[in-house]
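Each remark here refers to the structure printed beneath this line.
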């Protein structure tokens, strides 16, 4: 395997990790505030559809972005109303949203475009095009670092850089601001936060809103960055892989980056090599595809340190009367 | 009382005539959906053509989940639809289950296979069509590295890949064929993002013509190939128009012909086996104004020659599903 191949695989891993990273951070904010979010998948799907549909109809990817994020926010809102205001079961609400997204995207898509749930293919200004970082051409010939900068880091769509920036931003918000401290506290012991005179309900809704925006970006990136248009069920389980990555990352922003990059890398390797010949035996591609889940189960089983979920996760907060 | 009798009689007559009118053909689209620009859409086109020519109606359903297969078959058979046309390999097992319960209804498979006595099994020779696609792809390639991207890893898709590789290697023995499957679950048919990534991975390995047999995932393959400036080969329906000048050709399965003929025969349709191979125009390469500039006269001549030889039996294209192995490529 030469250096150029490694760069290409890393490049592919970065692209594949981006939607996972955004969804993983969305789950992070939501679960840190004590709300399980099984509905990541549905939000990604809804956002992917509405971004592609609006971009195809208006010709502007930015309007598509707004529509995608808005639809994801709406789904988040429903999840919030069901699980915060009405104190319903968060898992059931999330599962219901997944089904809703899977059905409604096809229903609206068929009525809108008569393409059986697909949107028309996007082209030109209807998609996010790659952004070349400054001096990418100039340093391309510098050994080692040149290709890393100009081939690996440069030439992605803007959403990839947004996703990467979200990692330090999330870390800062969660660990260096008063809002972040309260958000984390709400996920551990909401009663204490309430006693301190801070609204648990408002904090949880805020976390749902943040999760909605991040998930929306993931869907927008899928439909208008990576692909060119919406195809039914195109999220293809990425919301669930993001949940696995969240557990793998032990609910921490920087770990989320590493976990999703690892999962992206595994997928990129599986894409590149159908079977890996290790000399003694051949590693089938299915093993590579299953590896993220195997790793998650290992982490959950308590190997390599404990994975402690936020304590109040999944419990609706009831103010004592 | 007499009034009552005549009313009942009229109602019974109406019910009978309604029953007779309902002997319309029915078509069941598979999970890919009616407008997948691929396999199911070809079936839809055939049904539409029949409806326009005869002015009659047909029943249809796009199933949304695995569980609906048997339900849809049973419902159409109960309403008296005849024949009931199914699309996709996944209808095989449900047909084994349902078809014996409705001996007066003729069921039609496209890609599937059922041993029930009232089923017409339509078998396409995808390996022969893919062989022709391989010839054209090899002649168009400059790097002599050719890609194949399959959807779900099932023997049927390997049949496409195997025929393609044989066509490539028959034309350019020194060429290299890279093959990738999108996945092992039905989501592999609808993952254009992964299709695009697989395409990029194959391009970085030198591929400059990529053949996609992957349903909705294939749309991602064709899109990425067009973005990156290489050629692609579409499948099932004519996909040349999706990216004019970028799609070299499409390996068309004449599902439309199969559906059209079955509907034309209606209740007189005989069960059995229908082989849609090159000799019966069951598979073909799509040539139209969108790829006219890409197809040279040499390519046309080579395809015509190979077609004639395959029909005459001088060239035998190995069928992967006959012995679950491919002599020229590992999957």
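The values are calculated or read from the model by the stated rules, or taken from the named source; none is laboratory data. This structure is a prediction, so every number in the text was calculated from the model and none was measured. Please note: Cβ atoms are built from the backbone with ideal geometry, for glycine as well, and neighbour counts cover all protein chains shown.
Take the stretch B:116-148 and flag every residue that is within 30 Å of residue B:78 (Cα to Cα), part of a loop (DSSP other than H, G, I, E, B) and touching a helix residue (DSSP H, G or I) at 6+ places or on another chain (Cβ under 7 Å). Across the stretch B:116-148, the qualifying residues are B:116, B:118. The numbered conditions (1) more than 14 Å from chain A (Cβ to nearest Cβ); (2) on the phi < 0 side of the Ramachandran plot; (3) out of contact with any strand residue (DSSP E or B) (no Cβ under 6 Å at 6 or more places or on another chain) are all true for residue B:262 except (3). When residue B:67 is tested against the conditions (1) outside the structural domain of residue B:230 (by TED's automatic domain parsing); (2) touching a residue at least 12 places away in the same chain (Cβ under 8 Å); (3) surrounded by fewer than 23 Cβ atoms within 10 Å (Cβ to Cβ), the lone failure is (2). A search for C-beta distances below 8 Å between a residue of the stretch B:193-219 that is more than 7 Å from every other protein chain (Cβ to nearest Cβ) and surrounded by fewer than 24 Cβ atoms within 10 Å (Cβ to Cβ) and any residue that is at pLDDT 90 or above and part of a loop (DSSP other than H, G, I, E, B), counting only pairs 6+ apart in sequence or on different chains, returns B:203/B:228; B:203/B:230; B:206/B:143; B:208/B:141; B:208/B:142; B:208/B:143; B:208/B:230. Of the residues making up the stretch B:1-34, those that are touching a helix residue (DSSP H, G or I) at 6+ places or on another chain (Cβ under 9 Å) and modelled with pLDDT under 80 are B:23, B:31, B:32, B:33.
Any residue at all in the stretch B:275-289 that is over 19 Å from the mean Cα position of the chain (by Cα) and either in the same structural domain as residue B:239 (by TED's automatic domain parsing) or modelled with pLDDT of 90 or more (or both)? Outline the logic, then answer.
Restricting attention to the stretch B:275-289, the residues satisfying the condition of being over 19 Å from the mean Cα position of the chain (by Cα) are B:288-289.
Those left that are additionally either in the same structural domain as residue B:239 (by TED's automatic domain parsing) or modelled with pLDDT of 90 or more (or both): B:288-289.
Yes, the conditions are met somewhere in the stretch B:275-289.
The set of residues from the stretch B:32-43 being in a loop (DSSP other than H, G, I, E, B) and facing chain A (nearest Cβ under 9 Å) comprises B:32, B:33, B:34, B:35, B:36, B:37.
Screening the candidates A:116, A:155 for the property of being facing chain B (nearest Cβ under 10 Å), surrounded by 14 or more Cβ atoms within 10 Å (Cβ to Cβ) and touching a strand residue (DSSP E or B) at 6+ places or on another chain (Cβ under 9 Å) yields one hit, A:116. Is it the case that residue B:262 is more than 26 Å from residue A:120 (Cα to Cα), modelled with pLDDT of 90 or more and in the same structural domain as residue B:86 (by TED's automatic domain parsing)? Against the criterion (more than 26 Å from residue A:120 (Cα to Cα), modelled with pLDDT of 90 or more and in the same structural domain as residue B:86 (by TED's automatic domain parsing)), residue B:262 qualifies.
If only one of A:257, A:222 is crowded, with 16+ Cβ neighbours inside 10 Å, under 14 Å from the mean Cα position of the chain (by Cα), under 30 Å from residue A:176 (Cβ atoms) and modelled with pLDDT of 90 or more, which one is it? Full working, then the answer.
Values: A:222 fails: under 30 Å from residue A:176 (Cβ atoms).
Checking each option against the conditions leaves just A:257.
Listed here are the residues, each with its yes/no results for (1) within 14 Å of chain B (Cβ to nearest Cβ); (2) assigned to a helix (DSSP H, G or I); (3) modelled with pLDDT under 95; (4) surrounded by fewer than 24 Cβ atoms within 10 Å (Cβ to Cβ).
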position: A:169; (1), (2), (3), (4): no, yes, no, yes
position: A:172; (1), (2), (3), (4): no, yes, no, yes
position: A:187; (1), (2), (3), (4): no, yes, yes, no
position: A:192; (1), (2), (3), (4): no, yes, yes, yes
position: A:198; (1), (2), (3), (4): no, no, yes, yes
position: A:201; (1), (2), (3), (4): no, yes, yes, yes
position: A:216; (1), (2), (3), (4): no, yes, no, no
position: A:231; (1), (2), (3), (4): yes, no, yes, no
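Within the stretch B:45-90, which residues are within 15 Å of residue B:114 (Cβ to Cβ) and within 14 Å of chain A (Cβ to nearest Cβ)? Scanning the stretch B:45-90 gives a single hit, B:87.
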